[in-house]
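Reviewing the structure listed below.
Read-outs: derived from the displayed coordinates by stated rules, not from any lab. All of these numbers come straight from a predicted model, not from anything done at the bench. Ideal geometry is used to build each Cβ from the backbone, glycine not excepted, and the neighbour counts take in all protein chains shown.
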Amino acid sequence: MICVHKLKGEPLWINPDQIVFVEGGHESVITLVAGKHVITRDTPEQVAQAVREHRAKILALASRLIDHTVSDGDDVAEVRRLLRSVPDRED
């Protein structure tokens, strides 16, 4: 999920795989696959950057998980942390 911001600044988490396109202007309109529109204060460039970062994190996580199989001795909490979809502020 990526975080965009409503016009009043409230965060809104959306699935980047559902974005069809982003139209710019005074505010940006994100059109989703289902035809819904999300109006945000984020620019199209900011949305695109958030999508790139989200996908880079997925690739990095996949690379780490290929080398790491959960077994009885593994730190399950660490694997769960890696797999969560909404990052903490520190991520």
Partners for Lys36 among lysines (Cα-Cα distance below 25 Å; same-chain residues under 8 apart left out): Lys6, Lys8
Spin-label model distance (nm) - Glu45 vs Asn15, 7 Å beyond Cα toward Cβ: 3.0 nm
Length added when fully stretched, Arg55-Ala34, from 0.36 nm per residue minus Cα-Cα: 5.4 nm
The range 7-53: C-alpha gyration tensor shape, a/c 1.5 cut-off, then a/b vs b/c: rounded
